[in-house]
Structure formats: C-alpha cells, structure tokens
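These notes concern the structure reproduced below.
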Amino acid sequence: MLQTNATRKEHGEGELSLMAHLFRRAGFGVTYEELEESLAAGYEATVERLLHPEDAPEWDDALFRRYHVDQNSVMLIESAQSYWLYRMINSPRPLEEKIALFWHGLFATAYGKLNHAKAVVNQTNTFRRHGLGTFRNLLSELSRDPAMIFWLDNKDNHKDAPNENYGRELLELFSMGIGTYTEADVKAAARAFTGWTIANQDYMSVRASRDSIWPHGRLDWQFIYRPEDHDDSEKTFLNQTGRFNGEDVLDIICGHPASSWFLAGKLYSFFVSDHPNEVATQIIAEDLRRTGGDVRSAMRTIFLSDFFRSEDARHAKVKSPAEVVAGVARLAGAFGAPRWNIVNLALDANFMGQEILNPPTVEGWHTGTEWVDTGTLMERVNSAALLLGDPAQPGVRNIIRRLRESNGTYTPEELVDSCLNLCGALEVSGATRHELTAFAASQGELTFESQFADGCAEQRVADLLQLIVSTREYQMA
C-alpha cells in the first residue's frame, strides 16, 4: 500500500487537502515530504510557523551569488528576476517571499522606468523585512524607498513646484482607493512629501551633478530629506488641518476607515479568491482596525478563517506566472542548487505575462482569469511539462522512488491517485481524473518489477506528471 494513501487515512482527506491549500497560498506549492512534516505538527501550528519566517534560517546569498557574477550584482533585469525566482524556489521562509510578491503587485514599481534593477530588488528586501509588520510602518518605508521615489517622481516634488504623482497614487492605488479623497487632498499630500528625495551614496558629489541620474555609475540610491525643500505651511488633508509632513499624512491615512477596508480587499483577493466577498473582507478589515494595521495578525485571521478553510476557496484562484514557474521548479527539484539556466524560468514568466520586477503600469498586473489566454496558456503548459517530463530531475526521481518503494505494480487508477498525491495532494474533478486515468490506461498497468520495464516505467511516470501539471486544477491555486 502506498505511504501516501496511508497518510491520507491517518490524517483524513480533509486535513491533507487543507494543508496543501495552505501551502499553495502561503508559498509556492508543497512537496509531499513537506506535507507529511506539516501534518505531524498540525494545521494551526503550521500556520504559526509560516507567520514567523524570522524563526526559520536566514537566507544566505553567498552560494548562489558565488556561482553567478551577473546575479551577484543584480544590475540586469534578467539577473534580478532570476535571483528572486531562486529565492521563491528555495527559501525556507515561503510566506516571506509570497508576501513580498503581494506587496510588489500592490506597490508596483518597474525597472522599465528606473533602468536600475538593483533598486527594485532592494525594494523587495524592504517588503521581506516589513511586509508582515504594520501597514503604517510599511507605508513609511515605502515613502522613503529610492525606487518608489524615482518611479513616482517624488524626486521632482519641490517646495515651490509640487509634483502630485506620488501623493495621488498613495491615495488611489496604495492605501484608500478611488472615491475616498478629493483633488485637494492629493495636492496637500504632495506638499507634505516635498523634500523627500534620493541621492547616490556620495551626496555632496550628487549635488554638484544633479542633472545626471548616474553621476558615479550605478550605485545604490539612498533616501535623503532636504528640509529646505519641504513645504512646512499649513495644509488641510482628509478634513484635518495642520503643518503636516509626510509622516502626518500617513498617520491620517491609516487612521481612516477606508484604509483598513482597502487593504483587507487586497489581501482577500491575493490570498483567498479572485471573486470578492464583502463579509470576509469585513472580517479582515475589522482585524486590521483592531490591531492598528498589523498584517501578520490579518494573515492569521485569514488562514484560520472558515472562508479560507472552506472547500469552495480551494483552487479558486488562477496562479500567477511566478507561482507557476516557482511551484513547478520546487516540485521538480530543478533548481535546488545554482544553475545558470534559471534565467529561462524568468523568461518563461515573462512569456506568460508577468515580468517580475517590471510590472506594466503603476496599477500592477491584471490578475485572475486575465492571466490566461490562448497564448499564455500554452506557455504555462509547455514550461511546466518541460521540467516535470524529465525523469532525471531530482524531484521527479524522488516521486519515482516513492512509487517504486511502495508498490511494484500499479493499475491506471492507482497510478493516477498516487501521482496526484505526490504532486502536493492535488485534487481534480471527476472529468479530469477520467482523462488522466484514460491516458495511464493506454499503456496498461505500470510495473517496476523488471530491469527492462523499469526505465519504461520511469518515463511513463514522467509523462503522467506532465499531463497533471497541464490540468486546469494545477493551474489554479
């Protein structure tokens, strides 16, 4: 009898399915070994472990960067994309990477305008450090982030010539949403953030050469506050009046009911479902208000809620390209060690419609069903099948090993069930199961019992895995 089936009986179908659901949403998929370990700990304990990535080993860049000069400097966009994908695949802190991806989509900042990939990578590091803290603190860090300051032109926001770009998007896209503020509020916010700008590390030399964006080459930009360029006059913002600076504006925003509702809706859409749910959003918003915008607490509320744990929430989201390529690579064990061709994964995500670190507009990506059309669907299927169809991949070999050790011969039905389990306890519809079984049955029973049959059996397993990752269910989170 298969160990995977024994695990299902020991823990129950529902518990296994729920744990797999948690890892799809809180990370980039799960191997069966990780499922077994987490099932032994229990669902609530696993949630708490994921919510505290700081308790897991720190990420060590040294190994990866030692192998790749371009990914050490992360100056090129392809290098930076590859670097982040490697972290998504291998980080012992999956929620840290997933929350960084969430904030990257919300606070969309693109290489295309900056022409400085490392600046966007540095921004993702900010999301890792502060992404599970308070919304107020993260907005403060974002307002000081050099990539954001350049991206939304706050470097051009001066006391005598305000630039409204950052102030407008802060209100519209980052914290409150359309209909919750006025044009006068935008102008006041812009004035409050005057003097918040950037410089290269050698500030005095920058002052002598302000017309160049690269006065010393591609050094890291640094936040700098110029008090002489700040408008310290009285402002009226969201019906409050005072000599507000940027921090005051953020206090007012985060104290407004619209900000908790706004963030709750974004968290629900990313972590729960592509279809809005006002009742669930209200629950998350109330937690954010009660805790002063504590994102970790809101995530705990989500993961332990009935609406998240419901069977209706499972496979209710279309995976983003980043989730597809990182998840398949984790399952295949393809990039557990540095390999130069990880850049191909970044290109695969690009072809699927998500240029990581280079969103198309300040709105970010249009998600849900808009991730998929006839062209991008083929890219998804081909990219996934290329990795899982190779019996030499470590993850595929591990699946084959577990199949061989559990049983010598499999009926088509047993083979399909076992492979679905070993692909992260994937649940499929009756129609999908019928097609997978028909494919497995086209070559009869599978056996590992002879040396001649063994190699053929391994390829048959890989072929079935290819088909599994091509299903609708696998493309959904």
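The values are calculated or read from the model by the stated rules, or taken from the named source; none is laboratory data. Predicted model, so just to flag it, every value in this text is computed and none were measured. So basically every Cβ, Gly included, is an ideal-geometry build from the backbone, and we count neighbours across all protein chains shown. Surface areas here come from the heavy atoms of the whole protein model, side chains and all, with no ligands, DNA or RNA. Shrake-Rupley method; radii C 1.70, N 1.55, O 1.52, S 1.80 Å.
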Checklist entry - Which one of the conditions (1) over 24 Å from residue 350 (Cβ atoms); (2) within 18 Å of the chain's Cα centre (by Cα); (3) touching a residue at least 24 places away in the same chain (Cβ under 8 Å); (4) open to solvent by 10 Å² or more (accessible area, probe 1.4 Å) does residue 130 fail to meet, given that it meets all the rest? => result (3)
Item to check | Filtered residue count, segment 359-387, keeping only those that are open to solvent by 90 Å² or more (accessible area, probe 1.4 Å), among the polar types (S, T, N, Q) and within 25 Å of residue 267 (Cβ to Cβ) | outcome: 1
Next on the checklist: Taking the criterion of being in a helix (DSSP H, G or I) and touching a residue at least 40 places away in the same chain (Cβ under 8 Å), would at least one residue in segment 359-370 satisfy it?
Outcome noted: yes
Next on the checklist: Looking at (1) open to solvent by 20 Å² or more (accessible area, probe 1.4 Å); (2) of a type in the set (Ser, Thr, Tyr); (3) in contact (Cβ under 8 Å) with a residue 24 or more places away in the chain, which one does residue 418 not meet, given that it meets all the others?
Outcome noted: (1)
Checklist entry - How many residues does segment 112-133 contain that are more than 17 Å from residue 95 (Cβ to Cβ) and either touching a Lys or Arg at 6+ places or on another chain (Cβ under 7 Å) or not aliphatic (A, V, I, L, M) (or both)? => result 7
Checklist entry - In this structure, does residue 232 turn out to be open to solvent by less than 80 Å² (accessible area, probe 1.4 Å) and either charged (D, E, K, R) or touching a residue at least 12 places away in the same chain (Cβ under 8 Å) (or both)? => result yes
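Is it true that residue 251 is among the charged types (D, E, K, R) and part of a loop (DSSP other than H, G, I, E, B)?
Working: among the charged types (D, E, K, R): yes; part of a loop (DSSP other than H, G, I, E, B): no.
Against the criterion (among the charged types (D, E, K, R) and part of a loop (DSSP other than H, G, I, E, B)), residue 251 does not qualify.
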Checklist entry - Is there a residue in segment 442-457 that is open to solvent by 70 Å² or more (accessible area, probe 1.4 Å), in a helix (DSSP H, G or I) and modelled with pLDDT of 90 or more? => result no
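It is to be established whether one or more residues within segment 152-173 are small (Gly, Ala, Ser), more than 21 Å from residue 255 (Cβ to Cβ) and touching a Leu at 6+ places or on another chain (Cβ under 7 Å). Give the steps one after another, and end with the answer.
The first filter runs over segment 152-173 and keeps only residues small (Gly, Ala, Ser), leaving 161, 167.
After this cut, where a residue has to be more than 21 Å from residue 255 (Cβ to Cβ) as well, the list is 161.
Subset that is touching a Leu at 6+ places or on another chain (Cβ under 7 Å): none.
No, the conditions are met nowhere in segment 152-173.
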Item to check | Out of 398, 407, sole residue that is open to solvent by 20 Å² or more (accessible area, probe 1.4 Å) and under 27 Å from residue 344 (Cβ atoms) | outcome: 398
Checklist entry - Does segment 65-77 include one or more residues that are out of contact with any strand residue (DSSP E or B) (no Cβ under 6 Å at 6 or more places or on another chain), surrounded by fewer than 17 Cβ atoms within 10 Å (Cβ to Cβ) and within 25 Å of residue 303 (Cα to Cα)? => result no
Checklist outcome for this item: Residue pairs within 9 Å by beta carbon, gap of at least six or interchain, first lying in segment 291-302 and touching a residue at least 12 places away in the same chain (Cβ under 8 Å), second basic (Lys, Arg), listed first then second, are 292/136; 293/136; 302/25
Checklist entry - If residue 31 passes every condition in (1) buried (at least 21 other Cβ atoms within 10 Å of the Cβ); (2) within 19 Å of the chain's Cα centre (by Cα) but one, which one does it miss? => result (1)
Checklist entry - In the set 433, 397, 380, 330, which member is more than 20 Å from residue 473 (Cα to Cα), part of a helix (DSSP H, G or I) and among the charged types (D, E, K, R)? => result 397
Checklist outcome for this item: Flagged pairs (Cβ under 7 angstrom, 6 or more apart or on separate chains; first in segment 74-103, over 15 Å from residue 321 (Cβ atoms) and among the hydrophobic types (A, V, I, L, M, F, W, C); second part of a loop (DSSP other than H, G, I, E, B) and open to solvent by 10 Å² or more (accessible area, probe 1.4 Å)) are 75/218; 77/358; 99/132
Next on the checklist: For segment 260-301, which positions are open to solvent by 60 Å² or more (accessible area, probe 1.4 Å) and not in a helix (DSSP H, G or I)?
Outcome noted: 275, 276
Checklist entry - Can residue 403 be described as among the hydrophobic types (A, V, I, L, M, F, W, C), more than 30 Å from residue 165 (Cβ to Cβ) and over 28 Å from the mean Cα position of the chain (by Cα)? => result yes
Checklist entry - Has segment 157-173 got any residue that is open to solvent by 20 Å² or more (accessible area, probe 1.4 Å), at pLDDT 95 or above and among the aliphatic types (A, V, I, L, M)? => result yes
Item to check | Qualifying residues in segment 45-60 (those that are open to solvent by less than 70 Å² (accessible area, probe 1.4 Å) and within 15 Å of residue 129 (Cβ to Cβ)) - the one nearest to the chain's Cα centre (by Cα) | outcome: 53
